[in-house]
Amino acid sequence: MDTFTDSEHPEEENNQTPATPQEPAAPQTPQSEPQPESGAYHAAGTGRKESPYANSPYVAGQYQQNQYQYQPQTQPPVKPKKEKKTHKSLWRGIFAAVLVVVLVAGGCLITASCVNSTWEKRSAETIRQMNKQIDELQKQIQSVSGSASGVIPAMDGAAMTPAQLYQSNVNSVVAISCTMQTTVYGQVAEGTSSGSGFVLTEDGYVVTNYHVVQNATEITVTTHNGQEYSATVKGYDATNDVAVLKVEATDLAAATIGSSSELAIGDMVVAIGNPLGKLTATETVGYISGINREVTTDNTVISMLQTDAAINPGNSGGPLFNVYGEVIGITTAKYSGTTNSGASIEGIGFAIPIDDVMGIISDLIDYGYVTGAYMGITVKDIDKDAAAQFGLPTEGAYVVDVTKGSGADKAGIQPKDLIVGLDGRTIASRTDLTRALRNYKAGDTATVDVVRGGKELTLTITFDEKPHDTVTETTPQEDTAMPSEGNYEDWFDYFRRFFG
């Protein structure tokens with residue numbers, strides 16, 4: 001191996017020992033730290049001896065290892081920021097989840113509380129209603145505990161069976177018997193007639209047909225329990241075939257008044273009356289067969305209800321009930337006899353709608369006569385064929401005569417006028433005019449539409465009070481006694497005076 005010397009320092013060359021392979025210079029360290037001894041320094045890693053070669057890879061590797069181990073770590077390692085972010089996100093997620101759970105739980109609790117409160121209220125109301133119904137039922141059971149039939153009436157407001165309806169209302173139906181005078185071929189004769197009626201008020205007002213008490217000299221009213229009362233005629237209206245009687249009694253069983261305007265064809269109805277004057281408190285059941293049937297009685301047209309409930313002589317003036325036990329009509333008459341072909345006429349009965357006569361009944365009780373609106377005219381239905389031939393209206397009430405000084409005369413209505421409207425309501429016949437006038441009282445004002453000479457005029461009328469003598473009806477000059485036999489011709493003749 002070649003050796004060399006430093007030419008710049010010859011004097012040091014003689015004092016030095018023969019050169020050995022140089023070690024690489026140790027790295028500079030701070031003065032504050034002690035320089036490690038070469039033997040200890042090199043022996044710290046593996047315990048091996050120092051290589052005699054200057055460029056030994058072992059020495060360099062040892063140096064690098066010592067250099068790495070020697071560097072001090074003055075500060076503790078810092079936790080990665082990513083780890084902190086992870087913890088924050090985790091806590092936020094947990095907080096959000098807890099918040100959602102709290103909100104959902106709170107909403108559920110509130111909803112449950114509301115539902116529970118509502119349910120408790122409904123349950124309490126249902127229980128209260130059921131207890132009330134049970135109490136009513138117990139009262140009804142107790143009220144009929146001694147009844148032979150054992151039929152329990154329906155609760156208030158509920159539809160009743162015919163048996164329940166009969167038991168609930170039979171005490172308000174009365175039998176009427178009259179001693180009357182009739183004229184036969186100019187000779188006055190006495191006879192008897194019978195009919196039915198119903199108690200309107202507890203203090204003794206009874207409603208029946210006028211033809212039942214017409215020309216009666218003595219009237220007796222008999223209740224269902226057999227009590228008899230002498231009656232007087234408080235008032236009547238022959239035009240509408242209605243009369244009000246008065247008996248001296250208290251605590252009578254009054255009937256409940258309903259409304260005929262709510263009826264429909266097919267509704268079940270029940271009639272209770274005194275057929276033939278002997279079969280007291282008879283009930284018949286049927287249905288409404290027709291509405292607004294124009295029936296002529298003694299030249300007066302009355303709009304009636306048609307029913308197939310059995311109506312016989314003696315039923316006249318009795319009540320026609322709906323299934324709720326309310327009076328919706330006054331049974332008046334029926335078609336009887338045979339047709340031209342010889343077929344018997346059955347199941348065609350009629351009743352006056354209660355809505356059409358309640359105002360009249362109120363007037364008869366309060367005043368003894370009808371105070372309804374009075375125009376002072378005589379009208380008839382128009383001849384449609386003749387009107388069509390001359391190009392005139394085919395509907396309306398044709399004015400035949402006008403009473404001088406009446407409301408119609410003052411309004412300018414003239415004979416041959418055709419009344420086609422009253423206060424905007426269409427008048428197609430004299431029946432329409434009669435029914436429309438029931439909505440007015442004396443002193444009321446209305447507009448009347450008339451056709452005169454092909455032109456339509458609107459007139460204003462102030463209604464008068466109906467004269468008292470207009471309720472008086474001329475006694476038919478024929479025998480009006482009820483037949484004692486069941487001959488069809490006799491019965492037909494008896495009822496003929498009620499129909500055209």
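What to note about this one:
- Any chance Ile328 is under 35 Å from the mean Cα position of the chain (by Cα), within 21 Å of Thr201 (Cα to Cα) and modelled with pLDDT of 90 or more: yes
- The conditions of being in contact (Cβ under 8 Å) with a residue 40 or more places away in the chain, touching a helix residue (DSSP H, G or I) at 6+ places or on another chain (Cβ under 9 Å) and open to solvent by 30 Å² or more (accessible area, probe 1.4 Å) are not met by Val244.
- Residue in segment 336-354 that is within 35 Å of the chain's Cα centre (by Cα), open to solvent by 30 Å² or more (accessible area, probe 1.4 Å) and more than 25 Å from Val450 (Cβ to Cβ) present: yes
- For first residues located in segment 430-451 and within 16 Å of Thr462 (Cα to Cα), partners that are part of a helix (DSSP H, G or I) and among the hydrophobic types (A, V, I, L, M, F, W, C) and lie 6+ apart or on another chain with Cβ distances below 7 Å form the pairs Val448/Ala411.
- One residue stands out in segment 247-275 among those that are farther than 22 Å from Ser289 by Cβ and part of a strand (DSSP E or B): the one that is least open to solvent (accessible area, probe 1.4 Å), namely Val247.
- If you filter segment 276-303 down to residues that are of a type in the set (S, T, N, Q) and over 15 Å from Ile354 (Cβ atoms), you find that the one that is surrounded by the fewest Cβ atoms within 10 Å (Cβ to Cβ) is Asn299.
- Which numbered condition Gln306 misses (of (1) polar (S, T, N, Q); (2) farther than 22 Å from Tyr205 by Cβ; (3) surrounded by fewer than 17 Cβ atoms within 10 Å (Cβ to Cβ)): (3)
- When segment 281-309 is filtered for residues that are among the small types (Gly, Ala, Ser) and closer than 22 Å to Glu262 by Cα, the ones remaining, listed by number, are Gly286, Ser289, Gly290, Ser303, Ala309.
- Single unsatisfied condition, Leu137 versus (1) of a type outside the set (Gly, Ala, Ser); (2) over 22 Å from Val270 (Cα atoms); (3) at pLDDT below 70: (3)
- Scanning segment 379-393 for residues that are surrounded by fewer than 15 Cβ atoms within 10 Å (Cβ to Cβ) and either in a loop (DSSP other than H, G, I, E, B) or of a type in the set (A, V, I, L, M, F, W, C) (or both) yields Asp383, Ala386, Ala388, Phe390, Gly391.
- If you check Thr480, Thr474, Thr460, Thr431 for being in a strand (DSSP E or B), closer than 30 Å to Leu364 by Cβ and either modelled with pLDDT under 90 or open to solvent by 30 Å² or more (accessible area, probe 1.4 Å) (or both), only one passes: Thr460.
- Which listed residue, of Val212, Val233, is part of a strand (DSSP E or B) and either of a type outside the set (D, E, K, R) or within 35 Å of the chain's Cα centre (by Cα) (or both): Val233
- Each residue in segment 442-457 was checked for being assigned to a strand (DSSP E or B) and either surrounded by 15 or more Cβ atoms within 10 Å (Cβ to Cβ) or of a type in the set (S, T, N, Q) (or both), and 8 pass.
- Residue that is least open to solvent (accessible area, probe 1.4 Å) [pool: residues in segment 182-209 that are in a loop (DSSP other than H, G, I, E, B) and closer than 21 Å to Pro275 by Cα]: Asn209
The values are calculated or read from the model by the stated rules, or taken from the named source; none is laboratory data. Source: prediction; values computed, not measured. Every residue, glycine as well, gets a Cβ built from its backbone with ideal geometry; the counts of neighbours run over all protein chains shown. Just the protein is used for accessible areas: all its heavy atoms, side chains included, with ligands, DNA and RNA removed. Shrake-Rupley method; radii C 1.70, N 1.55, O 1.52, S 1.80 Å.
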